[in-house]
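What follows is a single structure, written as structure tokens, with notes after it.
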Amino acid sequence: MGDDPCFTTLPNAPLTTCPSNGPASRHPCLERPGCGTRRCQSAHVVSSSHEKRKYLFTMSDILSNVLGRPALFTADLSPETAERLSAALSARQQALLVSAVNFHALDNPGLALRIVVHIAGAGGMAHLTDAGTRHTKVTTGATKVGEFTARSSVSGSPHPHYTHHRKGWLTDPETGVRNIVLDAEREPGAPSANGRASLYWRLRGGVERRYPFEYDRIRQWLLRGRESSLNSVVVDRRLVDVTGIPAGEPAAGGESAVIFGVHWLELGGAERWAMESIALATAKGLRPIVITDVPSAHPWITRAELGGAIVLALTHPIEQPEHSEPVLEALAMNFDIRGVFVHHSRWVYDRLPWLRNRLPGIQVASTHHILEYNGGGYPAIGAALDEFIDVHHVISPQLEDWLVRVQGIPPDKIALAPLIGLTTTGSVAVAARPRADESVFTLGFIGRFAAQKRPYLFTKLVRELHAIDGLSVRVVIQGGGELEHFLRRDIDSHGLSGIVEWVAEGAPVSNTLARVDCLVLSSQNEGLTLTTLEALAAGVPVISTDVGSQRTVIVPDALVARDPGRFLAEASAIVVRMAESEVYRVDVWRREVALAQEFTEYESAHDWAGKLFELWIK
């Protein structure tokens, strides 16, 4: 590789070297005018999972390199504009810009578009792929930072664009311009501005943030009936009319690729598994095409695992009539799509019938993590679309039982492969991690600051523990999300800032676990959390709500009720006992590790997915 005169190192150094341009350009700008980057044939991608690994890509003819990332377009811009864009945009924003233009390149095969780049004002949302990018209204309050012409290198036929109006569709005149609005970088603790929820959900979210404890009590009462019916109601199978979908074959000679449907690119156990599976596909020679469909700042878009991926971070509404899938059609025409791996993406789930009909024989895998109380969540969607899925991967016995016993899915279509190998170190500690300071008990919280994780219950627990005479506690909180502003304000208003350490969501989890004596999970619902397995592997005992399959690896005396009042009482008692007795704290870890070790009889998700991708590449 070092002897190749035309290479790109991804993603940390946007270094492009081409014979036509002589010495390498090291400034992090878009491809240089006249640069023959489409002739670049290979790239290194480094994965940050178990160990540093280098994967060799053979880039297809349609791919160039923009901002150190695979691009389905070439850019024509002056050096001044390139410098201005590179100075104005963070690495995250640069990756989102490439993602947005890749979408529009697929949506407009072979055409040139004028890309006008804006940064949203305070509180403004991103507009990357939605129909609004065809108009200037979305730029209200945003700051323009540059523009350039991008020519799609994708093969295919242009198609009309539409805007939904009442009960029909109106043709949207093509202006040849796309207004890309990137969300601004925000300070830690600042509220996120990426949601597009309805008025009902905005009001409901406001009430939850203002009165979280009271809201949680009401929610527990409302969920009782839904939870009981979850284990008896069979999900209706979805009937899909596919007569309007054209059948075809994969692109002849196209690069082998796999489509990943992902919720978003943020901190989370499901997302860490998504990153690992993307790295595994890359290692097998499959180009990852990663589609996200939930509004987010996507802080993980710069992760090493995505360095060689074509990322399509969708913003809605895209506005296309039923069975009109120009972006998927362009992917089918330009890549040899070997399979679809759905993590948590409703957009990709909804298009599985289209993909199976358009590409007969394509393999489809769906991975499930958590059974939602309100209707089942993504596992229920997977069950409804079982006809279009070859294998359902589950990470816990609870999900296997629900899909087979309740939903009637054949057992041979279920793959139980837990996330046992996906830990921070890849190995299990031989002993519990000793307390760093016998005079202070350190609690840890790792996860998204979202309603499902209930971080506000954790901070309330901290308040109650802090008020206990003779008990000295310290707290490490790692994460990020929509409730961050509320949590920081809650900590500050109760005078707890001096005992709380905030850790960015992108920091290594291993560093956080090395500083805590016990990890607390206050979640409303879970499957079997990766964070739990990581903590146990690092020598840290776990206190968890009794939800999902957590009882598979958490000992009974460290399981606490989901009800907020009982959670606080029971968790407080366990923490006090651990703080007073190191023997008890170590014993909890020892017994939990023994439970987790029983999972080693199953094939790990890592090994299972690796074998799956080996089959897909053949």
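The values are calculated or read from the model by the stated rules, or taken from the named source; none is laboratory data. All values derive from a computational prediction rather than experimental measurement. Positions of Cβ are generated from backbone atoms using ideal geometry, with glycine treated the same way; all protein chains shown enter the neighbour counts.
Within the range 215-267, track down each residue that is among the aromatic types (Phe, Trp, Tyr) and not assigned by TED's automatic domain parsing to the domain that holds residue 293.
Within the range 215-267, 215, 221 meet the criteria.
Please verify whether the range 111-119 includes one or more residues that are buried (at least 17 other Cβ atoms within 10 Å of the Cβ), in a strand (DSSP E or B), not assigned by TED's automatic domain parsing to the domain that holds residue 297 and not aliphatic (A, V, I, L, M).
yes
Among the residues of the range 468-481, which ones are assigned to a loop (DSSP other than H, G, I, E, B) and surrounded by 18 or more Cβ atoms within 10 Å (Cβ to Cβ)?
Of everything in the range 468-481, those that are assigned to a loop (DSSP other than H, G, I, E, B) and surrounded by 18 or more Cβ atoms within 10 Å (Cβ to Cβ) turn out to be 480, 481.
Restricting to the range 368-389, name every residue that is out of contact with any helix residue (DSSP H, G or I) (no Cβ under 7 Å at 6 or more places or on another chain) and more than 30 Å from residue 221 (Cβ to Cβ).
386, 387
Here is a check on your reading of the model: is residue 119 on the phi < 0 side of the Ramachandran plot, modelled with pLDDT of 95 or more and either in contact with an Asp or Glu (Cβ under 7 Å, 6 or more places away or on another chain) or hydroxyl-bearing (Ser, Thr, Tyr) (or both)?
Judged against the criteria, residue 119 is not a match.
Just checking, which of 409, 414, 389, 395 is of a type outside the set (Gly, Ala, Ser) and either at pLDDT below 95 or under 27 Å from residue 535 (Cβ atoms) (or both)?
Among 409, 414, 389, 395, only 395 is of a type outside the set (Gly, Ala, Ser) and either at pLDDT below 95 or under 27 Å from residue 535 (Cβ atoms) (or both).
Would you list the strands (runs of 3 or more DSSP E) that sit entirely within the range 375-451 and hold 3 or more residues that are out of contact with any Phe, Trp or Tyr (no Cβ under 7 Å at 6 or more places or on another chain)?
391-394, 441-446
Please verify whether residue 227 is in contact (Cβ under 8 Å) with a residue 60 or more places away in the chain, under 27 Å from residue 372 (Cβ atoms), buried (at least 21 other Cβ atoms within 10 Å of the Cβ) and of a type in the set (Asp, Glu), treating the condition exactly as stated.
So residue 227 fails the test.
Might you check whether a residue that is under 32 Å from the mean Cα position of the chain (by Cα) and modelled with pLDDT under 95 occurs anywhere in the range 571-594?
yes
Return a yes/no flag: does the range 544-562 have any residue that is surrounded by 22 or more Cβ atoms within 10 Å (Cβ to Cβ), of a type outside the set (Val, Ile, Thr) and either free of Cβ contacts under 8 Å to residues at least 12 places away in the same chain or touching a Phe, Trp or Tyr at 6+ places or on another chain (Cβ under 9 Å) (or both).
no
Which is surrounded by 15 or more Cβ atoms within 10 Å (Cβ to Cβ), of a type in the set (S, T, N, Q) and out of contact with any Asp or Glu (no Cβ under 8 Å at 6 or more places or on another chain), of 442, 512?
Result of the check over 442, 512: 512.
With the requirement that a residue be surrounded by fewer than 23 Cβ atoms within 10 Å (Cβ to Cβ) and in a helix (DSSP H, G or I), what does the range 81-92 give you?
81, 82, 83, 84, 86, 87, 88, 91, 92
Go through the range 523-553 residue by residue and tally those that are within 24 Å of residue 436 (Cα to Cα), touching a helix residue (DSSP H, G or I) at 6+ places or on another chain (Cβ under 6 Å) and not in a helix (DSSP H, G or I).
Total meeting the criteria: 6.
Restricting attention to the range 488-516, report how many residues are closer than 24 Å to residue 578 by Cβ, touching a residue at least 40 places away in the same chain (Cβ under 8 Å) and not in a strand (DSSP E or B).
Adding up the residues that qualify gives 7.
Checking the conditions here, which among 181, 145 is farther than 18 Å from residue 134 by Cβ, part of a strand (DSSP E or B), in contact (Cβ under 8 Å) with a residue 60 or more places away in the chain and out of contact with any Asp or Glu (no Cβ under 9 Å at 6 or more places or on another chain)?
Matching residue, one of 181, 145: 145.
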